[in-house]
Each structure stands twice: as C-alpha cells, then as structure tokens.
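Okay, structure first, notes after.
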Amino acid sequence: MNSAQKMKRSAVPAIAESLLLLSEIPLSLALIIQSMMVQTQGLEGALTGEQMAALEAATDPAEGRAISAALFLILAAVQAIRAFRGRERGRGFFAVSLAQAGLLLIGAALPLAMGFKNATLIALGIVYALALGIGRVYAILRDRRLRSAALNILCILGLAGSCFIFMLTDLLILCLALLSLMKIVFGRIRLHTLKRIIRKTYAAEIIFGLLLLIITFSFLLYYFDPGIESMRDALWYCFAIVTTIGFGDLTAVTTFGRVLSVILGIYGIVVVALITSIIVNFYGETKKEDTESEGD
C-alpha cells in the first residue's frame, strides 16, 4: 500500500471523528440546559417563581434522557475510532481505549434505564470520570517521568472532585470536544512549512503594510468624514472595505472619504486576493514536496 492510499484510509476515521465531535457540541450545550432544572430542584427557596417557571419551561425529562444517551453514545463511538486509529501504539493503548468506550456505552444506557434525574446525572459524571481516569492511569504507567506522573495525578484528583457535579462534567465534555477538533484541524499544519511560506511570499511585510494602511485611512476617515463618528467605527469600516466584505452598516458621505474607500477597496481586491492565492498554492506545493520526501 502506497503513502497516498494510507493517507486516504487514515482520513476516513478522522473525518468520522470530526463529525462526531461536532455533534457533541450542540448536544452538550442542550444537556446543560436540561440538567439545570434537575440540579436546582432543591433550591426552590433560592430561586424566584419566574426563574423556576423559566427552567421548567426549558426542561423536558424525555428530551434530557434522549440527549444524554445520545451524547454518551457518541463519546463511546469517538473513543472506539481512536482505539482503531491508535492500534499501532500497542495493545495496551488499544485495550484501554476499548475499555473507555465500554464505560461510555454503559453511560449511554444509564439514562434509558434510570430516567433523567439527579442520581442519573451523578452516575453519568462518575462513569465519565472513570473513563478518563483509566486513560490517565495508563499514561502514568507508560510514561514514568515525574512531571508526567504529577500532571496525570492532578488530572485524576480533579476528575474525582468534579464527577459529582454534572455541570462540570458537561463543560469538560464540551471543552475536550473543542480541543480535539482543533487538534484534528491544525494537526497537519506544520510550523516550519508556514515559516517557509511567509519567508518566500513576503506575507509578513504585506500584512504589516495592510495594517498600516488600515490605521492611516481610519485616522483620515475619522477626522475628515462626518459619516464615521468614532475611531472604532473607522477601523471597522476600513476592515470591511479591505476584506471586500462590505457590511454596509457604515458609509463614507464625503468625496474625500469615498475616494479613500475606492483606494482601499482596490488594494483589498488586488493584494489580499493575490497573497491568499499565492500562499495557498505554495502551501500545497510544499506539502506535496514534504510528503514525497517522507515517502522516499
């Protein structure tokens, strides 16, 4: 199997994981809303009648049960994909990842079996903490350095302290999903490649010149055009012009301001579009060269 086929095969699970991580974000946000009423049932005296009515209107036990089950089912699927992708890292990693996926599957079954109540949320927090804790214990056993062990022990203690507060668990799920997406999106971008692109295309000089032009024109528009009432509006107007977005919320009313707008618009069309296409093309060529050199 050549390198292109290997990259194609590895891209399929990465795309599937990305789609699942994207679905985690709205589900976790919806689950926060649904779990608020459950966790504030004992605080009737601390909340006003209007606040309790608003929470009750936004809470549906059946919907909360379905959302929590779907979220943990997706978490289990993501962990199973990671186990499949990391098979070359050894049997230990594969077994731990499958164990984590199994725990998360149990978490998906808990809301269906117990209903959507406070005890269920506590159980879900404990299950999620156990799933993450297993991974931290494996990391300690695999990497015996003192610094790594200390960081993983702190993570385990933090999981143990937060597993009984489902809001913290849900926020952790949301944050980890966002971080995982960023890792997938930016994982293939290499800093040395970007440095070569910036150096050869003079992108830093062009961007610096663009910023100077925006700031200079912003000052001129602020002082000489009554349609721009503040420096903040001037910067926003110049940004909209030079990026060719053109929101239309601000307009220059004097001939001098309109001439500046035309100059800035032409500069944006020519320079910004040109430098963008150059960077994209050069990045593709550089990535191709790096891939061929790695294959050789």
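Using modelled amide H (1.01 Å from N, peptide plane; none on Pro or chain starts), what sits under 5 Å from the amide H of Thr254, excluding residues fewer than 5 places away?
Gly227
Using θ = phi - 60° and the Karplus form 6.51 cos²θ - 1.76 cosθ + 1.60, what ³J(HN,Hα) does each residue of the stretch 245-251 get, whole Hz, x for Gly and Pro?
7, x, 5, x, 6, 10, 9
Provide the FRET efficiency to the nearest 0.05 for the Val280-Ala62 pair, computing r from the beta carbons and using R0 = 45 Å.
Here the calculated transfer efficiency is 0.40.
Based on other C-beta atoms within 10 Å, arrange Cys155, Cys175 from fewest to most.
Least crowded to most crowded, the residues run Cys175, Cys155.
Place a +1 charge on the Cβ of each Lys and Arg in the stretch 93-226 and a -1 charge on the Cβ of each Asp and Glu, then give the dipole magnitude about the Cα centre in debye, rounded to the nearest 20.
760 debye
Read-outs: derived from the displayed coordinates by stated rules, not from any lab. These figures come from a predicted structure and were not determined experimentally. Cβ sites come from the backbone with ideal geometry, for glycine too, and all protein chains shown count toward neighbours.
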